[in-house]
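The values are calculated or read from the model by the stated rules, or taken from the named source; none is laboratory data. Here the structure is a predicted model, which is why all the values come from computation and not from measurement. Note that each Cβ is placed from the backbone with ideal geometry, even for glycine, and that neighbours are counted across all protein chains shown. These accessible areas exclude ligands, DNA and RNA; they are computed on the full protein's heavy atoms, side chains included. Shrake-Rupley method; radii C 1.70, N 1.55, O 1.52, S 1.80 Å.
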Amino acid sequence: MRVLYYGVHDVAYPRNARIRAYLADRFGAQITVVARRRHGSRLTRALADARGLWQGSRDADVVVLAEMRTTHAPWAWLVARARGARLVVDRFIGLHETAVLDWGVVPPRSARALRLRLLDRLAVRLADVVLIDTEPRAEALRPAAGSTPVVALPVGAPAWARDLPPPPPSDVLRVLYYGNYIPLHGTERVVEALALVRRRRPVELMLVGGGPRRDGIRRLVERNGLRASCRFVDPVAESELPALIGRSDVVLGVFGDSPKALSVVANKVWQGLASGRTVVTQRSAALDELQAVVGPLLVQTEPGDAASLAAALIDVAERRGRPSGTGAVAASAIASDERAAPIAPALEALVARGFARLDAHFGAHLGERAHRGVPGVGR
């Protein structure tokens, strides 16, 4: 199989790296990556992207549109059809949900909001197969997709997120946030919850990341008198995350109030769980499969409720180190790496089931040309 993976913003980004690895391992695919052009004028970038799309698609069986290039779906579709290839759209990050619902930078009733919604819908309708990250989000897309299959393909955890030993004992609950303070993460709610926790238990919050909203969160920390309980750290390389997770008791997930925040499973949730850490994140139907696998390592809070988040953190702090026979739901999960040992393989099994669903649609919808020489896959 020859695959063009078009519009990649970062070849190391876990989402497209995992999909490329699957295509190579499962089908022996020869993959050409065309990264998005980042320098030059808009016209220069557009011409470079168009040239890369056309040249890279020569002899391609499948064109995969990367997760952050929904606007290029019409051009990817035209080129795929001209080349006799099939189009897979990774709809992982939508234009409308990001600009209108998450960031709120585009008014919901504006012409631009309508344009973004139409572009998202068009990308789904033009695809031969649509990829998304969770089943609730897949269900939301299927009415617009018509007969186009929408496959829920979990994010999963990278290879470095594996079974860390427990952190050194401490009376202080060590909580880790990492990201870029985007609204999806609900960092304001985290600060509000931290103020409630500090009244009951000693707690430290490390906030790792950058972005335009970081200074606002820092000011919110200071207004709540939490400077001594919070440590702000600049963005770090992915290779440094295991050490940060290893020193923490709890990894925070997402606490935003957008529809997306209520239906996604963030990278950090997978990474924290695979590393054997307790992850606290807000309740979502998208977490059902994960909850069944990891049990008490995953603590869900009520959406939009800082008091619920605070209560969850206090509960984790009070249960640390208790023997499991006392009935404490999180004790052995936090205190023992024996509980964490099977977690990473079990999470990989969830991702594998997502790829198994994708296998079926490759066979049924992408045609014989994409499956020459692959036993049992082609029609």
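Taking residue 225, is it on the phi > 0 side of the Ramachandran plot and surrounded by fewer than 24 Cβ atoms within 10 Å (Cβ to Cβ)? Spelling it out, residue 225 is indeed on the phi > 0 side of the Ramachandran plot and surrounded by fewer than 24 Cβ atoms within 10 Å (Cβ to Cβ).
Residue by residue, here is whether (1) in contact with a Lys or Arg (Cβ under 8 Å, 6 or more places away or on another chain); (2) of a type outside the set (Asp, Glu) holds:
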position: 204; (1), (2): yes, no
position: 207; (1), (2): yes, yes
position: 210; (1), (2): no, yes
position: 217; (1), (2): no, yes
position: 234; (1), (2): no, no
position: 246; (1), (2): no, yes
position: 250; (1), (2): yes, yes
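Among the residues that make up the range 63-84, is at least one of them hydroxyl-bearing (Ser, Thr, Tyr) and in contact (Cβ under 8 Å) with a residue 40 or more places away in the chain? Checked the range 63-84: at least one residue is hydroxyl-bearing (Ser, Thr, Tyr) and in contact (Cβ under 8 Å) with a residue 40 or more places away in the chain. Exactly one residue out of 242, 183, 235, 167 is in contact (Cβ under 8 Å) with a residue 24 or more places away in the chain and open to solvent by 40 Å² or more (accessible area, probe 1.4 Å), and it is 235.
When 201, 219 are screened for being surrounded by fewer than 22 Cβ atoms within 10 Å (Cβ to Cβ) and at pLDDT 95 or above, only 219 passes. Taking the range 259-283 as the range and being in a loop (DSSP other than H, G, I, E, B), open to solvent by 10 Å² or more (accessible area, probe 1.4 Å) and polar (S, T, N, Q) as the test, only 263 passes. Regarding residue 189, is this residue assigned to a loop (DSSP other than H, G, I, E, B) and open to solvent by 10 Å² or more (accessible area, probe 1.4 Å)? No: the conditions fail for residue 189.
Being more than 23 Å from residue 104 (Cα to Cα), part of a helix (DSSP H, G or I), under 24 Å from the mean Cα position of the chain (by Cα) and modelled with pLDDT of 95 or more holds for only one residue in 241, 194, and it is 241. Name the one entry in 90, 59 that is acidic (Asp, Glu), out of contact with any Gly (no Cβ under 7 Å at 6 or more places or on another chain) and at pLDDT 95 or above. Exactly one residue qualifies, and that residue is 90.
For first residues located in the range 135-157 and basic (Lys, Arg), partners that are outside any helix (DSSP H, G or I) and lie 6+ apart or on another chain with Cβ distances below 6 Å form the pairs 137/263; 142/150. Checking each residue in the range 26-51 for being charged (D, E, K, R) and either assigned to a loop (DSSP other than H, G, I, E, B) or under 16 Å from residue 79 (Cα atoms) (or both) picks out 36, 37, 38, 49, 51. Inside the range 11-42, residues that are of a type in the set (Gly, Ala, Ser) and open to solvent by less than 30 Å² (accessible area, probe 1.4 Å) make up a count of 1.
Scanning the range 51-68 for residues that are under 28 Å from the mean Cα position of the chain (by Cα) and open to solvent by 20 Å² or more (accessible area, probe 1.4 Å) yields one hit, 68. For the range 287-378, the helices (runs of 4 or more DSSP H) that sit wholly inside it and include 2 or more residues that are modelled with pLDDT of 55 or more and in contact with a Phe, Trp or Tyr (Cβ under 9 Å, 6 or more places away or on another chain) are 306-319, 343-365.
Looking only at the range 4-50, residues that are under 23 Å from the mean Cα position of the chain (by Cα) and farther than 24 Å from residue 238 by Cβ come to 2 in all. Is it the case that residue 303 is touching a strand residue (DSSP E or B) at 6+ places or on another chain (Cβ under 9 Å), open to solvent by 10 Å² or more (accessible area, probe 1.4 Å) and closer than 23 Å to residue 104 by Cβ? Criteria met by residue 303.
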